[in-house]
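Student: Take this structure first; my questions come after.
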Amino acid sequence: MAAPFAPYPINTTENGEVTVSATFTVGATGAVPSTITGGRELGTIVRNGVGDYSFPLLQTYIRTIDVNFVVVGAAATTTGKTWQVIADSSASTSAPLIRVQFTRPDTGAVAEVAQNDVIKATFKLKCKD
């Protein structure tokens, strides 16, 4: 099976590399709003649990090159400001996604992103040349 391709320009840095991004304001108890800025090439973002989010991809990629999250909001040590990727199945042919867990910067414990904080997600992915 041929590797996927981007059907329209998505911030391409070189052949076969695309950048997919999404921005949203976190609701009460970490809720994902129905309105997402960007999000092209992403399915519906899902909150799985405390500070745990899945970002489903609309197509399968060869691999993930880079992932970055920025949480914009008031300085705090008790809410989810730091993050780590806990699952990367961007190469899956059945359910490609990237899953991230937010944590407290002071203890590293799992934590909710504060209500009204803004999450900016960026994924750099390798697709077909």
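Student: Considering only residues that are assigned to a strand (DSSP E or B) and surrounded by 14 or more Cβ atoms within 10 Å (Cβ to Cβ), which ones fall in the range 12-45?
Tutor: Keep residues of the range 12-45 that are assigned to a strand (DSSP E or B), which gives 17-25, 37-38, 42.
Across the range 12-45, the qualifying residues are E17, V18, T19, V20, S21, A22, T23, F24, T25, G38, L42.
Student: I'd like to know if the range 67-75 contains one or more residues that are crowded, with 16+ Cβ neighbours inside 10 Å, in contact (Cβ under 8 Å) with a residue 40 or more places away in the chain and under 30 Å from N15 (Cβ atoms).
Tutor: yes
Student: Scan (1) among the small types (G, A, S); (2) surrounded by 15 or more Cβ atoms within 10 Å (Cβ to Cβ); (3) closer than 19 Å to A22 by Cβ for the single condition A95 breaks and write down its number.
Tutor: (2)
Student: Determine whether G39 is of a type outside the set (S, T, N, Q), without any contact (Cβ under 8 Å) to a residue 40 or more places away in the chain, in contact with a Ser or Thr (Cβ under 9 Å, 6 or more places away or on another chain) and at positive phi.
Tutor: yes
Student: Mind listing whichever residues of the range 14-36 are without any contact (Cβ under 8 Å) to a residue 40 or more places away in the chain and farther than 17 Å from V118 by Cβ?
Tutor: The answer is E14, and nothing else.
Student: Condition (residue is modelled with pLDDT under 90, within 13 Å of V113 (Cβ to Cβ) and not small (G, A, S)) applied to the range 71-78: is it met by at least one residue?
Tutor: Initial filter on the range 71-78 (modelled with pLDDT under 90): 74-78.
Subset that is within 13 Å of V113 (Cβ to Cβ): 74, 76, 78.
Subset that is not small (G, A, S): 78.
Yes, because at least one residue in the range 71-78 is modelled with pLDDT under 90, within 13 Å of V113 (Cβ to Cβ) and not small (G, A, S).
Student: Looking only at residues in the range 98-128 that are touching a residue at least 60 places away in the same chain (Cβ under 8 Å) and charged (D, E, K, R), which one is farthest from V72 (Cα to Cα)?
Tutor: Step one: list which residues in the range 98-128 are touching a residue at least 60 places away in the same chain (Cβ under 8 Å), which gives 110-128.
Now narrow it down to the ones that are charged (D, E, K, R): 112, 117, 120, 124, 126, 128.
On the way: E112: 14, D117: 6, K120: 8, K124: 20, K126: 27, K128: 33 Å.
Selected residue: K128.
Student: Still on this structure: Restricting to the range 98-123, give me the number of residues that are buried (at least 18 other Cβ atoms within 10 Å of the Cβ) and touching an Asp or Glu at 6+ places or on another chain (Cβ under 9 Å).
Tutor: 5
Student: Considering only residues that are touching a Gly at 6+ places or on another chain (Cβ under 9 Å) and farther than 13 Å from F123 by Cβ, look in the range 46-61 and name the one that is surrounded by the fewest Cβ atoms within 10 Å (Cβ to Cβ).
Tutor: G49
Student: Return the residue satisfying two criteria in turn: it lies in the range 22-54 and is hydroxyl-bearing (S, T, Y) and under 19 Å from K81 (Cβ atoms), and of such residues it is farthest from the chain's Cα centre (by Cα).
Tutor: It comes out as T29.
The values are calculated or read from the model by the stated rules, or taken from the named source; none is laboratory data. As the structure is a computational prediction, the values presented were derived from the model and not from experiment. Quick reminder, even Gly has a Cβ in these numbers, built from the backbone with ideal geometry, and neighbours come from all protein chains shown.
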